[in-house]
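First up is the structure itself, then whatever we jot down about it.
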Amino acid sequence: MTYFARLTGRVSRPTRVVAAVAVTTLAAGSLAGCVPSSSTAVEVGDQKVSMETFQKDLDACSSLAVSDTMTPRQVIATTVTRGAVGEALLARSGRTLSTAARDEVLKANDLTVLESNPTCHQMGRSLASLYAVVQTTDEKTLMAQIGDLDVQVNPRLGGWQSEELLVAGSSSLSNLWSGTRS
């Protein structure tokens, strides 16, 4: 069960499709990479999320990041990355999604808990783009589109796990050296 399912108590069609797409995407190749700047949290095509924005999302939304297997930091990093993936897919298709339509997607997928805080609501609206793409694209096409994306995540947040569409783990940059220099 995904962290959103744990958060909302059910698994929606888009969540199941996103999970299925993620497994198939692994067969298509790796999506992971390192972002070109330490001030960038996530970059997917022209979609960029700064570390500053990520930190604001983490500070505001950690209490909503409920998971048995992921830390709140990983949940928020995953949410931000999924949002960037959705935004990149929308941009590539030439489609747009109004604020009202994004809010409808949140309601339809029982993600209205994200509306409890303006920062979380904005993060949720970005995530809604992925849900909207999943709901309006056949699975084969969606798998190909996701496979074509270059998803880059700052290693301080962990690594992009394409098979599950999540950010997990950590790198040496996550545990900065605190010893003495020789």
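What follows draws every value from the coordinates through simple rules; no lab data is involved. In this text the structure is predicted, and so the values were computed from the model without any measurement. Every residue, glycine as well, gets a Cβ built from its backbone with ideal geometry; the counts of neighbours run over all protein chains shown.
The length gained on full extension between residue 104 and residue 71, counted as 0.36 nm times the residue separation minus their Cα-Cα distance, comes to 9.1 nm. The phi torsions of segment 96-106, fed into the Karplus equation with coefficients 6.51, -1.76 and 1.60 and a -60° offset, translate into couplings of 10, 9, 5, 4, 4, 5, 4, 5, 5, 4, 4 Hz, rounded to whole numbers, with Gly and Pro shown as x. Listed values for segment 132-148 are Karplus-derived 3J(HN,Hα) couplings in whole Hz (6.51 cos²θ - 1.76 cosθ + 1.60, θ = phi - 60°), namely 5, 5, 4, 6, 10, 10, 5, 4, 5, 5, 4, 4, 5, 5, 5, x, 7, and x replaces Gly and Pro.
What does the extension gain come out to for residue 37 and residue 117, with contour length at 0.36 nm per residue minus their alpha carbon separation? Walk me through the intermediate numbers first.
Numbers: separation 80, 0.36 × 80 = 28.80 nm, distance 2.87 nm.
Result: 25.9 nm gained on full extension.
The modelled label-to-label distance for the pair residue 92/residue 144, using points 7 Å beyond Cα in the direction of Cβ, is 1.1 nm. For segment 90-95, 3J(HN,Hα) computed residue by residue from phi via the Karplus equation (6.51, -1.76, 1.60; θ = phi - 60°) reads 4, 4, 4, 7, x, 8 Hz, glycine and proline entered as x. Remark on residue 161: its backbone amide H falls under 5 Å from those of 166, 167, 168, a criterion applied only to residues 5 or more positions apart or on other chains, H modelled at 1.01 Å from N.
Please give the net charge around residue 61, taking every other residue with its beta carbon less than 14 angstrom from that of residue 61, where Lys and Arg add +1 and Asp and Glu add -1. Before the final figure, lay out each step's value.
Values: positive: 56, 73, 82, 125; negative: 57, 59, 115.
Taking every Cβ under 14 Å from that of residue 61, the sum is +1.
Which whole-number percent of Cα pairs in segment 26-153 have a distance greater than 23 Å? Percent of Cα pairs beyond 23 Å in segment 26-153: 31. Taking 16 Å as the straight-line reach from the Cα of residue 48, the aspartates and glutamates in range (excluding those fewer than 8 positions away in the same chain) are 57, 87, 150.
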